[in-house]
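Input: a single structure, listed below in structure tokens.
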Number of protein chains: 2
Amino acid sequence: MQLQFLGTGAGMPSKERNTSALALKLLEERGTIWLFDCGEATQHRILHTTIRPRKIEKVFITHLHGDHIFGLPGLLSSRSFLGGEETLTLYGPKGLKEWVESTFLLSNTHITYPMEFIEVQDGIVFEDEQMIVTAKGLEHVIPCFGYRIEQKPLPGELLIDKARALNVPKGPLLGKLKNGLDVTLDDGKVVFSKDVTSPPRKGFTVTILGDTKYCENALVLSQDADIVVHEATFDHATTHLAANYGHSTNIEAATIAKEAGAKSLILNHISARFLPTDIQRLLEDAKNVFNNTFIAKDYSHYFWKDERLTEE
Amino acid sequence: MQLQFLGTGAGMPSKERNTSALALKLLEERGTIWLFDCGEATQHRILHTTIRPRKIEKVFITHLHGDHIFGLPGLLSSRSFLGGEETLTLYGPKGLKEWVESTFLLSNTHITYPMEFIEVQDGIVFEDEQMIVTAKGLEHVIPCFGYRIEQKPLPGELLIDKARALNVPKGPLLGKLKNGLDVTLDDGKVVFSKDVTSPPRKGFTVTILGDTKYCENALVLSQDADIVVHEATFDHATTHLAANYGHSTNIEAATIAKEAGAKSLILNHISARFLPTDIQRLLEDAKNVFNNTFIAKDYSHYFWKDERLTEE
Ligand SMILES: [Zn+2]
Ligand SMILES: [Zn+2]
């Protein structure tokens, strides 16, 4: 699993930071990419990465502010131009479907793949044998969601040498043992699955929050997460403004990560007000509250491996 | 008058060419900029120019395909963020107003300046003491317009030395002479305006065409124009495709410029299919038909001065 930030700014694009978009790359896990928000020119950012639009399987929209959605019609239409044929599922607040559909009608855009819209409310918005995604409302100036993406535990692997040592023959019994079933051999001896498989491995949990002031649901969604992506539109000196505008400070983001018992934190949605020297300060101040903090830049690429977050 | 191309591609953005947008810079003439089309990420291109969004006075949309309008909501909202207060007037086909308004409603976008929409039909769409803009329908797969922008003749300048030599006193008589009126002096002598002013200068004419196949109205709009901006989505080898898709070839664009008696031609809306070597060929082949041809790149900056078009 990898995370690549395509837009880490707030409100308006600047030369350095585009409006919001974040790719959760699940290429090893399921051969696809999930996109979180899609500000204008997200597809232009993608041109400078290895991401292929047809690999995008799902788009999760946190809220309907322009800096989080104005890139959607263009990306969806280019995905079609570029030969995307698989269904694309879009998750977002009420109104998203009507807007995309009326925009396509107006612009005479015809896409080649099926599109499915899920209107998000608090609760599980997606689940299959591998993943589960939970949404909860945050506290912004308009309805806004955070998403918690959990990979289910990975089955243990069959330890073939151990199985052979216990005289399990090649064939279907090995499959049963791998799938957690105990088996009886021809000689009447029972072989226990746990003795010939490695223990199941914990899956990852990533929490990706939309714009929000410091709030309870941010904490709930972040509980014990491996990675929390939290906005930090303001700094500590402007805490009073943050709450008024429905945004958070770097310190509030770090406090959420700490209280939630998260493993790592990435600060995102950084205002163009901050100069490069401010960025270092924002990071240092957050680290004083929660040490394992990173601050995202456009194109930042993070790897989750061996229970550790590293930046490329 | 200057022209700066912000997006010169066709259909979809590439690394080199963005979707359509062209700035007609009238900074010396009226202190403002007129924008023609606004593909996604036009505001991102603008970030890398000296153009200030609040200086944009008018936006002319040729047609409602996504590659010509998807940058509009973002640019309009940034113009507000950046302190734009003057009225912005948008010209375009039916449906533009409803789309912008519903997009703003959905995204909770509130702009600080008045916005005015003019639904374009064949004929004069704007006129004041300085400029006149005429639109005509072209032949594309959906309704699409071309615009002819004419600067009215510039009044001659008062030749003060000549007026003084004829004993015209300082004061209001000079103003009358400048404005084309003949005057009688106290001694009964008549002074003719034409004798103390330089002749009126011809204004410029720029024709900016939207997507179109080779058509009569492209010719009419381009008649005797100083500059024609014409699409060239296809090349001569694919002439049969061009007409089917409602587009033109480089040769057809050059033929329009030649038949119209235009002074210069800029090829625009260049497909990403063409490699850099093809571009040179597209240009050379067009020049064989109409010699004073240019081919636009993103950020290309053209100057109209002393009746001549030059590229910066
Ligand atoms: Zn935002
Ligand atoms: Zn086009």
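The values are calculated or read from the model by the stated rules, or taken from the named source; none is laboratory data. Keep in mind that what you see is a predicted model, and the values were worked out from it rather than measured. Positions of Cβ are backbone-derived with ideal geometry, glycine not excepted, and every protein chain shown enters the neighbour counts. These accessible areas exclude ligands, DNA and RNA; they are computed on the full protein's heavy atoms, side chains included. Shrake-Rupley method; radii C 1.70, N 1.55, O 1.52, S 1.80 Å.
Assorted remarks:
- Bridging of B:Lys258 to lysines at a Cα separation below 29 Å is possible for B:Lys25, B:Lys136, B:Lys152, B:Lys202, B:Lys213, B:Lys287, B:Lys297, B:Lys305, once same-chain residues fewer than 8 apart are set aside.
- Separation of alpha-carbon centers, the stretch A:100-171 and the stretch B:208-254, rounded to whole Å: 47
- Amide H contacts under 5 Å for B:Ser264, placed H, 5+ residues apart: B:Ile227, B:Val228
- Taking the label point 7 Å along Cα→Cβ, A:Leu166 and its counterparts in the other copies are spaced 11.6 nm apart, in ascending order.
- Residues whose amide H comes within less than 5 Å of that of A:Ile295, counting only those at least five positions distant or on another chain, are A:Leu267 (H built at 1.01 Å from N in the peptide plane).
- Angle between chain A longest axis and helix A:276-289 axis [Cα atoms, degrees, rounded to 10]: 50
- For the stretch B:110-232, the relative contact order comes to 26 percent (Cα pairs under 8 Å, sequence separation of at least 6).
- Here the 3J(HN,Hα) profile of the stretch B:94-111, calculated from phi with Karplus coefficients 6.51, -1.76 and 1.60 at θ = phi - 60°, is 3, x, 4, 4, 4, 5, 4, 5, 6, 5, 5, 5, 4, 8, 6, 8, 10, 9 Hz, Gly and Pro shown as x.
- Highest mean packing comes first when the peptides B:276-284, A:77-85, A:141-149 are listed by Cβ atoms within 10 Å, giving A:141-149, A:77-85, B:276-284.
- GluC sites (Glu not before Pro) within the stretch B:218-265, DSSP loop, no more than 15 other Cβ atoms inside 10 Å: none
- About its Cα centre, chain A has a charge dipole of approximately 620 debye under the convention of +1 per Lys or Arg Cβ and -1 per Asp or Glu Cβ, with nothing else charged.
- Under the criterion of Cα pairs below 8 Å and six or more residues apart, the relative contact order for chain B equals 16 percent.
- Sorting A:His48, B:His65, A:His230 by accessible area puts them as A:His48, B:His65, A:His230; the probe is 1.4 Å, largest comes first, and only protein heavy atoms count.
- Computed 3J(HN,Hα) for the stretch B:184-196, one whole-Hz value per residue from the Karplus formula 6.51 cos²θ - 1.76 cosθ + 1.60 where θ = phi - 60°, is 10, 7, 4, 7, x, 6, 9, 10, 8, 3, 4, 7, 10, glycine and proline marked x.
- Contact surface A-B: accessible area buried, both sides summed, square angstrom, 1.4 angstrom probe: 2700
- Each Lys and Arg adds +1 at its Cβ and each Asp and Glu adds -1 at its Cβ; summed about the Cα centre, the stretch B:83-201 shows a dipole of about 560 debye.
- Charge dipole (debye, nearest 20) of the protein assembly as shown; +1 at Cβ of Lys and Arg, -1 at Cβ of Asp and Glu: 860
- Close amide H pairs (under 5 Å, H built 1.01 Å from N) link B:Thr62 with B:Asp37, residues at least 5 positions away or on another chain.
- Only one residue of A:Pro93, A:Ser78, A:Gly66 has its Cα farthest out toward the positive end of the dipole of the stretch A:51-144, where Lys and Arg carry +1 and Asp and Glu -1 on Cβ, and that residue is A:Ser78.
- Convex hull volume of the C-alpha atoms in the protein assembly as shown, normalised per residue: 195 Å³.
- Shape of the stretch A:64-164, Cα gyration tensor, a/c cut at 1.5: oblate
- In the protein assembly as shown, the calculated helix contribution to ellipticity at 222 nm averages -7500 deg cm²/dmol per residue, counting -39,500 (n - 2.57) for every DSSP H run with n ≥ 4.
- Number of partner chain Cβ atoms within 10 Å, mean per residue of A:66-72: 6
- In Hz, Karplus ³J(HN,Hα) per residue of the stretch A:198-208 (6.51, -1.76, 1.60; θ = phi - 60°; x = Gly, Pro): 6, x, x, 9, 5, x, 8, 10, 10, 10, 10
- If you bin all the Cα-Cα distances of chain A at 20 Å, starting from zero, the percentages per bin are 32, 49, 17, 2.
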